[in-house]
Amino acid sequence: MIHYYKTVGDKTIEQSEAGSGVWIHLTNPTREELNQVSGEAGVQIDFLQAALDEEEMPRLDKEDSQSLILVDIPVVEPEGTSFVYNTLPLGIILLEQMVVTVCLEETTIVDEFVENRVRGFDTAKKTRFVLQLLYKTSSKFLQYLRQIDKASTQVEAALHKSLKNRELIQMLKLEKSLVFFSTSLKANETVMEKLLKTNFIKRYPDDEDLLEDVIIENKQAIEMATIYRDILSGTMDAFASVISNNLNIVMKFLASMTIILAVPALVAGLWGMNVPVPFESTPAGFLIVVGISLFCAALTTYILWRKKML
């Protein structure tokens, strides 16, 4: 899908075609749409296709007057009755007169620009637009990291009550999301550091502070992802130990009960043999054997209890 946007006054208005100062955004484009944008804007097909590979790593690339900035952005994907957090590449291509962005899915980061929720946004100010996109990306990472932290707290509270596999699987998904976030944030940091140290894109004095804010925001997201991942990993290890310990307690109890029940069975087996046995001619012989069985079972129970095996 292709959308054309241009800032008119203080509003971002959708256009019908490409032109100077226009922002072109492609969402999961077809081959025909890629060729159309390539023909209209003169952008290289390779740059447009870079963001369509989910495994593509964040990087910078430049060819003639075209510059490609590829970064990872956070997304939320439904999975069954819950959600899973993941990352996708976002391609930002700077041309002489236009900016082109490419992504595999609709993203709330782009929606904020389209819906005029970003202060000072202007499609004609390409450098500032790129930095604002990077800033919103880092901010979105922070937002989702806080959501992951809240979700992990809720799952932890549920684990205290149930200790079932379902909650552990949810914790595992959250930890997996944090690994994705941490990897993408560190890769994005490399791209941002290169933007700071090199003249890959034309920077203006007013943009220097914004680029520094982008790097600071990204570093904060990296630290939060690392902290949350360590906490989540420690929590999962602790609950795994609790579950294993509970299983050991149950197995120990069942083993003790097996021993206790085996004692009366042994006594009954001895008196049930087809040979002369004590009390065989005594009218109260059955009650005596039952009493011996109960006494032996009680004695075994006492011994196991003293040894803290019951």
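The values are calculated or read from the model by the stated rules, or taken from the named source; none is laboratory data. In this text the structure is predicted, and so the values were computed from the model without any measurement. Positions of Cβ are backbone-derived with ideal geometry, glycine not excepted, and every protein chain shown enters the neighbour counts.
Which of the residues spanning the range 107-128 are over 30 Å from the mean Cα position of the chain (by Cα) and hydrophobic (A, V, I, L, M, F, W, C)?
Of everything in the range 107-128, those that are over 30 Å from the mean Cα position of the chain (by Cα) and hydrophobic (A, V, I, L, M, F, W, C) turn out to be Phe121, Ala124.
Could you list, in sequence order, the residues of the range 58-67 that are under 12 Å from Leu94 (Cβ atoms) and either outside the structural domain of Leu145 (by TED's automatic domain parsing) or assigned to a strand (DSSP E or B) (or both)?
Result: Leu60, Asp61, Lys62, Glu63, Gln66, Ser67.
Step by step: first the residues of the range 152-190, then only those that are closer than 30 Å to Ile92 by Cα and small (Gly, Ala, Ser), then the one that is farthest from the chain's Cα centre (by Cα). Which residue is that? Step through it out loud before you land on a result.
Our first condition is that a residue be closer than 30 Å to Ile92 by Cα; within the range 152-190, this holds for 173-190.
In the following step, the residues that additionally are small (Gly, Ala, Ser) were identified as 177, 182, 184, 187.
Numbers: Ser177: 1, Ser182: 10, Ser184: 12, Ala187: 17 Å.
Going through the qualifying residues, I end up with Ala187.
Could you please let me know if Leu261 is in contact with a helix residue (DSSP H, G or I) (Cβ under 8 Å, 6 or more places away or on another chain) and in the same structural domain as Ala297 (by TED's automatic domain parsing)?
On the way: in contact with a helix residue (DSSP H, G or I) (Cβ under 8 Å, 6 or more places away or on another chain): yes; in the same structural domain as Ala297 (by TED's automatic domain parsing): yes.
Judged against the criteria, Leu261 is a match.
Residue by residue through the range 47-70, note down the ones that are without any contact (Cβ under 8 Å) to a residue 12 or more places away in the chain and over 26 Å from the mean Cα position of the chain (by Cα). Steps first, answer last, please.
Here is the first cut: in the range 47-70, the ones without any contact (Cβ under 8 Å) to a residue 12 or more places away in the chain are 55, 64.
Scanning the range 47-70 gives a single hit, Asp64.
Cβ-Cβ below 6 Å, separation at least six or inter-chain, first residue in the range 239-263 and free of Cβ contacts under 8 Å to residues at least 60 places away in the same chain, second in a helix (DSSP H, G or I): which pairs?
Ser256/Leu304; Ile260/Ala297; Ile260/Thr300; Ile260/Thr301; Val263/Cys296; Val263/Ala297; Val263/Thr300
Considering the range 278-310 alone, what residues qualify as being of a type in the set (Val, Ile, Thr), surrounded by 13 or more Cβ atoms within 10 Å (Cβ to Cβ) and more than 29 Å from Asn248 (Cα to Cα)?
Passing the criteria: Ile288, Val289, Val290, Ile292.
Restricting attention to the range 76-96, does a residue exist that is over 30 Å from Arg166 (Cα atoms), surrounded by fewer than 16 Cβ atoms within 10 Å (Cβ to Cβ), out of contact with any Gly (no Cβ under 6 Å at 6 or more places or on another chain) and not hydrophobic (A, V, I, L, M, F, W, C)?
Of the residues in the range 76-96, the ones over 30 Å from Arg166 (Cα atoms) are 89-96.
Going one step further and asking which of them are surrounded by fewer than 16 Cβ atoms within 10 Å (Cβ to Cβ), we end up with 96.
In the following step, the residues that additionally are out of contact with any Gly (no Cβ under 6 Å at 6 or more places or on another chain) were identified as 96.
Keeping just the survivors that are not hydrophobic (A, V, I, L, M, F, W, C) gives 96.
Yes; the residues of the range 76-96 include at least one that is over 30 Å from Arg166 (Cα atoms), surrounded by fewer than 16 Cβ atoms within 10 Å (Cβ to Cβ), out of contact with any Gly (no Cβ under 6 Å at 6 or more places or on another chain) and not hydrophobic (A, V, I, L, M, F, W, C).
Answer yes if at least one residue in the range 68-91 is in a loop (DSSP other than H, G, I, E, B), in contact with a strand residue (DSSP E or B) (Cβ under 8 Å, 6 or more places away or on another chain), within 30 Å of Asn199 (Cβ to Cβ) and assigned by TED's automatic domain parsing to the domain that holds Thr137, and no otherwise. Please lay out each step first, then the result.
Of the residues in the range 68-91, the ones in a loop (DSSP other than H, G, I, E, B) are 80-81.
Right, trim to in contact with a strand residue (DSSP E or B) (Cβ under 8 Å, 6 or more places away or on another chain) and you get none.
For the range 68-91, residues in a loop (DSSP other than H, G, I, E, B), in contact with a strand residue (DSSP E or B) (Cβ under 8 Å, 6 or more places away or on another chain), within 30 Å of Asn199 (Cβ to Cβ) and assigned by TED's automatic domain parsing to the domain that holds Thr137: absent.
Restricting to the range 94-128, name every residue that is in a loop (DSSP other than H, G, I, E, B) and more than 24 Å from Glu40 (Cβ to Cβ). Lay out the reasoning, then the answer.
Step one: list which residues in the range 94-128 are in a loop (DSSP other than H, G, I, E, B), which gives 95-98, 104-107, 115-125.
Passing the criteria: Glu115, Asn116, Arg117, Val118, Arg119, Gly120.
Name the residue, out of Leu104, Leu131, that is touching a residue at least 60 places away in the same chain (Cβ under 8 Å) and touching a Ser or Thr at 6+ places or on another chain (Cβ under 8 Å).
Numbers: Leu131 fails: touching a Ser or Thr at 6+ places or on another chain (Cβ under 8 Å).
The conditions single out Leu104.
When you scan the range 132-144, do you find a residue that is assigned by TED's automatic domain parsing to the domain that holds Val214, of a type outside the set (Val, Ile, Thr), in a loop (DSSP other than H, G, I, E, B) and closer than 18 Å to Glu79 by Cα, even just one? Spell out the reasoning first.
Just the residues of the range 132-144 that are assigned by TED's automatic domain parsing to the domain that holds Val214, to begin with: 132-144.
Still in the running and of a type outside the set (Val, Ile, Thr): 132-136, 138-144.
Pick out the ones that are also in a loop (DSSP other than H, G, I, E, B) and you get none.
No, the conditions are met nowhere in the range 132-144.
What pairs come up if the first residue lies in the range 292-310 and is closer than 20 Å to Phe279 by Cβ, the second is surrounded by 12 or more Cβ atoms within 10 Å (Cβ to Cβ) and of a type in the set (Gly, Ala, Ser), and their beta carbons are under 7 Å apart, counting only those six or more places apart or on different chains?
Ser293/Ala268
In this structure, does Lys202 turn out to be charged (D, E, K, R), in the same structural domain as Leu131 (by TED's automatic domain parsing), in contact with a strand residue (DSSP E or B) (Cβ under 6 Å, 6 or more places away or on another chain) and closer than 30 Å to Met98 by Cα?
Values: charged (D, E, K, R): yes; in the same structural domain as Leu131 (by TED's automatic domain parsing): yes; in contact with a strand residue (DSSP E or B) (Cβ under 6 Å, 6 or more places away or on another chain): no; closer than 30 Å to Met98 by Cα: yes.
No; evaluated as a whole, the condition is false for this residue.
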